[in-house]
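The values are calculated or read from the model by the stated rules, or taken from the named source; none is laboratory data. All values derive from a computational prediction rather than experimental measurement. Cβ: placed from backbone, ideal geometry, glycine included. Neighbour counts: every protein chain shown.
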Amino acid sequence: MSEIKDNKTDKVKNKLLELFDDVLTHDGFGEIKIEMRILKRQQKEVILHCGKQYRFVIDTPQQPSND
C-alpha cells in the first residue's frame, strides 16, 4: 500500500484522526463513516460523518508507476 502525500489529503487524514481520537475518548457509543464520490475534473468528494458532516474536495491522486 502506497502513501499519498498531498496538502489537501493531509487535511482529510488529520480530520479523520481527530475524529477517531474524539470517538475513542468519548464515554459511550460513537460511529465514523467515510463516503467518497467521484466528481468531474479528476476530483473526489470525501465526506466524514461523525455527528456532523465534514466535506472535502480533493484531486484524484495519480497511481505511481512501478517501473
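Key figures for this structure:
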| read-out | value |
| --- | --- |
| For M1: the one exception among (1) aliphatic (A, V, I, L, M); (2) within 15 Å of the chain's Cα centre (by Cα); (3) at pLDDT below 95 | (2) |
| Within the stretch 36-67, tally of residues that are of a type in the set (S, T, N, Q) and in a strand (DSSP E or B) | 2 |
| Hits in the stretch 25-35 (condition: hydrophobic (A, V, I, L, M, F, W, C) and modelled with pLDDT of 95 or more) | I32, I34 |
| Positions within the stretch 45-67 being among the charged types (D, E, K, R) and modelled with pLDDT of 95 or more, in sequence order | E45, R55 |
| Of residues in the stretch 4-21 being more than 16 Å from Q53 (Cα to Cα) and among the polar types (S, T, N, Q), the one modelled with the lowest pLDDT | N7 |
| Per-region count, the stretch 8-35, residues part of a strand (DSSP E or B) and surrounded by 10 or more Cβ atoms within 10 Å (Cβ to Cβ) | 2 |
